[in-house]
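Please treat every number below as a calculation from the coordinates, not as lab data. Source: prediction; values computed, not measured. Cβ sites come from the backbone with ideal geometry, for glycine too, and all protein chains shown count toward neighbours.
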Amino acid sequence: MTDTATDIAACDARLEAARAFLQRHAPDFGGLQSASSDASNRRYWRAQGPNGESLVIMDSPPDKEPVAPFLDVQARLERAGLPVPHIHARDLEGGFLLLDDLGNDTLFSWQAGVDEPERAAALAACRAQLITVAQVERDDLPAFDAPRLITEMQLFDEWYRAGHLDVTWSDEQARRWKDLRDRIATRLAEMPPVFVHRDYHSRNLMRDASGWAIIDFQDAVAGALAYDLVSLLRDSYIDWPVDWVEREIEAFWRQAREAGLTEASLNDFIEDFAWVAVQRHLKVLGIFARLSRRDGKHGYLDDLPLTWRHLQWALDRAPGLAPLSELIAGLEPENARG
């Protein structure tokens, strides 16, 4: 069998296993249809009930995406009163969960069809929710430490700079990159830790009756307060107006001060936000390039230009990273040139 044929056969076997899981736990439901997939190995199937209701099966191959981290973080968020999909049944060995169906309205899709006041109100609501997210129990979560941050930034060097752009650096440029990368990682790792979702952005926020429900939270860590705010406001899929971004940064900072999450001044918090944003955007550029080159998911290349622009915005607000701005000058995405 070719690799492609093997993958198709594995997917078909997973689908049959999903049907069997559904039959065991919700025998009145059926008619599985693809609900979505994401940048990982997970897939989602929608099952229809006899009275028009629906549930979603999360198909998470245990050898690639174990469900235990999802269950752990889901329980933490649910205990904190945050809107997350409820788990109706689970099969840890098989890698299946039966979840609430939150529909199809992500913040990304929904905001494209509403007027500015509604968009602004939704962004503010998601920002306000992050105060509660930051206070979620973080005991025993992985630390967003320097080695982890460095590994993420290396995706930019390996998959974006060298892989996607095929740009070669001199030994001196490589040394400068390593020094700057390590400085960023050290600074972020020294920021006081809070609960961090890690991908709190427009495609992981679902509109439902309770507000903006949170999904794709299984990679949560203990890390910098500004991280999830960066994910939301400097989203690689939406170019929120800069004046909204600045307003929401200040509103979050005020709420965070009131909640005892930070003692930083506004200026210091904005600079922290910029450093965190630089780290995240470097990582995302690398991830998008890897998704294309390794996984054949080329659509993510369309999101490179906005991510690059967000990186430049952050570098402009982090004076200490001027050498990095100089080092990566000329590495903008090819589809952003001209």
P(r) over all Cα-Cα pairs of the chain, 10 Å bins from 0 to the longest distance, whole percent per bin, short to long, reads 5, 24, 32, 26, 11, 2, 0
For helix 68-79, what angle does its Cα long axis make with the longest principal axis of the chain, in degrees from 0 to 90 and rounded to 10? 90
GNM on the chain, Cα springs under 10 Å; top mean-square fluctuation among Arg187, Arg175, Arg14 goes to Arg175
Taking the 0 to 90 degree range and rounding to the nearest ten, how far is the long axis of helix 266-293 tilted relative to the main principal axis of the chain, both from C-alpha atoms? 60
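Cut-off is 10 Å between beta-carbons; in what order do Lys64, Lys283, Lys297 appear when sorted fewest neighbours first? Intermediate results must be reported in sequence, preceding the final value.
Details: Lys64 10, Lys283 19, Lys297 14.
Least crowded to most crowded, the residues run Lys64, Lys297, Lys283.
Dividing the Cα convex hull volume of segment 3-100 by residue count, how many Å³ per residue is that? Intermediate results must be reported in sequence, preceding the final value.
Working: hull volume 10.3 nm³, N = 98.
Normalising the Cα hull of segment 3-100 by residue number yields 106 Å³.
Pairs of Cα atoms under 8 Å, at least six residues apart: use those to get the relative contact order of segment 156-227, whole percent.
On the way: 58 pairs, mean separation 22.3, N = 72.
Worked out over segment 156-227, it gives 31 percent.
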Sparse-neighbourhood loop hits (GluC sites (Glu not before Pro), segment 141-183; DSSP loop; Cβ within 10 Å at most 14 others) -> none
Please identify, among Asp100, Asp28, Asp272, the residue showing maximal mean-square fluctuation in a Gaussian network model of the chain using a 10 angstrom Cα cutoff. Asp28
Highest GNM mean-square fluctuation among Asp145, Asp228, Asp208, for the chain with Cα springs under 10 Å, belongs to Asp208
